[in-house]
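Data block below; observations after.
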């Protein structure tokens, strides 16, 4: 009996010690709690910093990925336009040549013209090829390649009711002039040193401007000659390009994020190669004939 009682007491002591040990394991000391909190806060801060770094990375270098991303607005034939669900055109052929030079896959992002210029400033696209004219204000917030084509600006009117009869700045005074928002024609017509229209009506798509011109809602459209001819050809005689000297002439270049000299060097090299080989003339002639 004594042996049995001794064994029972020993067992009870073991259970008691085990229970105390379990309770202590589950208890967190103030120091440990502070360490856990600090660790959690540090982890959260680190995660936030990592997210900020990732966000900065997206704005600094879309070029770091495998794909080469070009932003454009596919309503500006023959520079960029749709064939089925594909964006094609002069600018897209140049963009493809740049991608080939870099050994990367080209991705085309079709968006509004203003949106494309904003995207390249933010580093969301590698470059913009969309019939972009160079001017002082744009050059402050983005960098430009060498010019690759001269742009001749013309005036398009309703063929049956010509509110404007000559492609001159004087003829635009007091008129309602349609332009693509953010386009160089928009900037030129909006400058009172050039002309003083009654109203500058801005469109995201030239097709919208064409419909308003047909319906007498605007007096004319100012735009580049090549896409202007395309617009007139598709109007079935409703629209007409005014004959005479161009309203003004400027040049197109490719826009990159400010300070992206590496991308700019490659683009300039490709433009020079296309010009020197005669390929640039072939590209322009090929799409202009479509």
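Computed values, structure above
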{"quantity": "Only listed residue being closer than 18 Å to residue 165 by Cα and in contact with a strand residue (DSSP E or B) (Cβ under 9 Å, 6 or more places away or on another chain), chosen from 254, 184, 218", "calculated": "218"}
{"quantity": "Qualifying residues in region 262-289 (those that are over 16 Å from residue 100 (Cβ atoms) and in contact with a strand residue (DSSP E or B) (Cβ under 8 Å, 6 or more places away or on another chain)) - the one surrounded by the most Cβ atoms within 10 Å (Cβ to Cβ)", "calculated": "287"}
{"quantity": "Selection status of residue 195, touching a residue at least 40 places away in the same chain (Cβ under 8 Å) and surrounded by fewer than 22 Cβ atoms within 10 Å (Cβ to Cβ)", "calculated": "no"}
{"quantity": "Options 251, 257: the member that is surrounded by 19 or more Cβ atoms within 10 Å (Cβ to Cβ) and more than 21 Å from residue 210 (Cα to Cα)", "calculated": "257"}
{"quantity": "Identity of the residue in region 95-110, assigned to a helix (DSSP H, G or I) and out of contact with any helix residue (DSSP H, G or I) (no Cβ under 8 Å at 6 or more places or on another chain), that ends up surrounded by the most Cβ atoms within 10 Å (Cβ to Cβ)", "calculated": "95"}
{"quantity": "Search result, residues across region 204-220 that are crowded, with 21+ Cβ neighbours inside 10 Å and within 13 Å of residue 75 (Cβ to Cβ)", "calculated": "206, 209, 210"}
{"quantity": "For residue 179: the one exception among (1) surrounded by fewer than 14 Cβ atoms within 10 Å (Cβ to Cβ); (2) under 21 Å from residue 244 (Cβ atoms)", "calculated": "(1)"}
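Yes/no per residue for (1) modelled with pLDDT of 95 or more; (2) more than 23 Å from residue 287 (Cα to Cα); (3) surrounded by 15 or more Cβ atoms within 10 Å (Cβ to Cβ):
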| site | (1), (2), (3) |
| --- | --- |
| 122 | yes, yes, no |
| 127 | yes, no, yes |
| 148 | yes, no, yes |
| 153 | yes, no, yes |
| 157 | yes, yes, yes |
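The values are calculated or read from the model by the stated rules, or taken from the named source; none is laboratory data. Every value quoted in this text rests on a predicted model; they were computed, and no experiment measured them. All Cβ positions, glycine included, derive from the backbone under ideal geometry; neighbour counts span all protein chains shown.
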